[in-house]
1. Looking at (1) more than 19 Å from the chain's Cα centre (by Cα); (2) surrounded by fewer than 19 Cβ atoms within 10 Å (Cβ to Cβ); (3) of a type outside the set (S, T, Y), which one does Q159 not meet, given that it meets all the others?
2. Looking only at segment 115-151, count every residue that is in contact with a helix residue (DSSP H, G or I) (Cβ under 9 Å, 6 or more places away or on another chain), assigned to a strand (DSSP E or B) and not aromatic (F, W, Y) and tell me the total.
3. State whether the residues of segment 219-242 include one that is within 25 Å of A158 (Cα to Cα), out of contact with any helix residue (DSSP H, G or I) (no Cβ under 7 Å at 6 or more places or on another chain) and either not aliphatic (A, V, I, L, M) or not in a loop (DSSP other than H, G, I, E, B) (or both).
4. Any idea which of (1) among the basic types (K, R); (2) within 19 Å of R305 (Cα to Cα); (3) surrounded by 13 or more Cβ atoms within 10 Å (Cβ to Cβ) is the one R94 doesn't satisfy?
5. Just name the residue that is surrounded by the most Cβ atoms within 10 Å (Cβ to Cβ) out of those in segment 266-306 that are assigned to a loop (DSSP other than H, G, I, E, B) and of a type in the set (F, W, Y).
6. Could you check how many residues of segment 12-62 are at pLDDT below 95, part of a loop (DSSP other than H, G, I, E, B) and hydrophobic (A, V, I, L, M, F, W, C)?
7. State yes or no: is M75 assigned by TED's automatic domain parsing to the domain that holds I31 and either in contact with a Lys or Arg (Cβ under 9 Å, 6 or more places away or on another chain) or assigned to a strand (DSSP E or B) (or both)?
8. Does segment 83-109 hold any residues that are touching a Pro at 6+ places or on another chain (Cβ under 7 Å) and either among the hydrophobic types (A, V, I, L, M, F, W, C) or outside any helix (DSSP H, G or I) (or both), and which are they?
Amino acid sequence: MAGLDITLIGQSGIRWLVHAGMSRTGREPGITLTDGGVKALMDAPIETDWIEDTEGAIFSGDRFLPRDLMLGFAMADELVGAGVTPGTTEDQFRREFSSRPDPWNPGFQHTQVEVDSELSTFTPRRLSVQLRDAPDMEMKQDPYSKRVFQIAYELRAAQPLWESKKDVSVFTKSGSGSGSGFVTVSNPADTACRHTWILTPGVWTLPDPSWLGAPGHRAPAGEFASRTVMVEVKASYGGLRITRERRKLHASTLTGQNALSAMGGKWIRFDIPPHTPPTQLPISVTGAPSSGARAEIHMPRLWTRPVGMEL
């Protein structure tokens with residue numbers, strides 16, 4: 001059966017299947033999304049900028065905004081099992097959400113909305129959410145005596161894009177000395193891929209091309225089609241992480257120390273465009289230690305929708 005399965009992965013790690021649009025086995029938790037109670041689950045919000053003049057306007061850019069969504073739930077204690085104290089299920093579910101991180105828990109993870117579908121190849125996709133406002137419980141009658149709860153959660157996803165499993169391409173060289181080869185990059189998603197390199201000690205020449213071409217036919221091209229960046233990873237670093245992700249240090253050791261000096265004044269400049277097919281890019285290393293060398297390129301998959309939009 002085609003459709004969407006929607007699961008809430010709570011802060012405790014418990015999975016709450018709240019909508020089963022595909023055939024599945026297993027007992028439901030007594031909680032389901034209400035009809036008409038879901039808002040802003042599909043497209044990520046954007047804001048466009050325009051420069052106006054006497055002949056109209058010229059597009060100057062756009063940006064994704066935080067996603068504010070609402071999920072309405074119906075909860076029935078008697079569906080969970082006999083002997084359940086009224087309100088137990090609702091109370092446990094409420095404790096899966098918070099408006100802020102837990103500063104005492106180093107492994108804290110905000111609640112995630114997970115959407116799985118047979119309509120997509122790259123699935124499931126997840127969105128991390130936190131409370132934007134207090135949940136609104138319907139109180140037209142006493143829900144504890146009726147043992148049925150209607151409650152709406154107003155949530156915010158600070159990062160509004162849905163994330164599917166990232167892809168990783170690896171180049172390895174055994175033993176000391178020099179070596180060369182290829183990594184395979186791609187981006188089936190409908191937003192640009194801000195990739196991350198993880199490197200072991202050695203002097204690396206990394207590919208950083210500009211791209212051109214229609215969706216599905218992107219290829220290294222243009223003024224910087226053959227651009228590379230040389231990076232020296234010292235043994236004292238233990239390893240180096242270079243990332244295009246915003247709000248993160250561009251180059252750091254694997255322990256989080258600033259290592260911008262390793263870049264020699266250069267930066268990895270180009271994202272992998274949306275809808276880029278698998279493409280091999282050359283990579284090389286010199287001065288590898290006797291244990292060999294390894295380079296990984298990590299490619300997150302970020303989508304404007306929880307389903308579809310694929311290459």
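The values are calculated or read from the model by the stated rules, or taken from the named source; none is laboratory data. In this text the structure is predicted, and so the values were computed from the model without any measurement. Here the Cβ is made from the backbone with ideal geometry for all residues, glycine too, and neighbour counts use every protein chain on show.
1. Result: Q159 passes all but (1).
2. So the answer is 4.
3. As a first pass, look at segment 219-242 and keep what is within 25 Å of A158 (Cα to Cα): 241-242.
From the residues that got through so far, the ones that are out of contact with any helix residue (DSSP H, G or I) (no Cβ under 7 Å at 6 or more places or on another chain) too are 241-242.
Then keep just the ones that are either not aliphatic (A, V, I, L, M) or not in a loop (DSSP other than H, G, I, E, B) (or both); that gives 241-242.
Scanning segment 219-242, I find at least one residue that is within 25 Å of A158 (Cα to Cα), out of contact with any helix residue (DSSP H, G or I) (no Cβ under 7 Å at 6 or more places or on another chain) and either not aliphatic (A, V, I, L, M) or not in a loop (DSSP other than H, G, I, E, B) (or both), so the answer is yes.
4. In the conditions (1) among the basic types (K, R); (2) within 19 Å of R305 (Cα to Cα); (3) surrounded by 13 or more Cβ atoms within 10 Å (Cβ to Cβ), R94 misses (2) alone.
5. Among those residues, the one meeting the criterion is F270.
6. Qualifying residue count, segment 12-62: 2.
7. On the way: assigned by TED's automatic domain parsing to the domain that holds I31: yes; either in contact with a Lys or Arg (Cβ under 9 Å, 6 or more places away or on another chain) or assigned to a strand (DSSP E or B) (or both): yes.
So M75 fits the description; yes.
8. Scanning segment 83-109 gives a single hit, F108.
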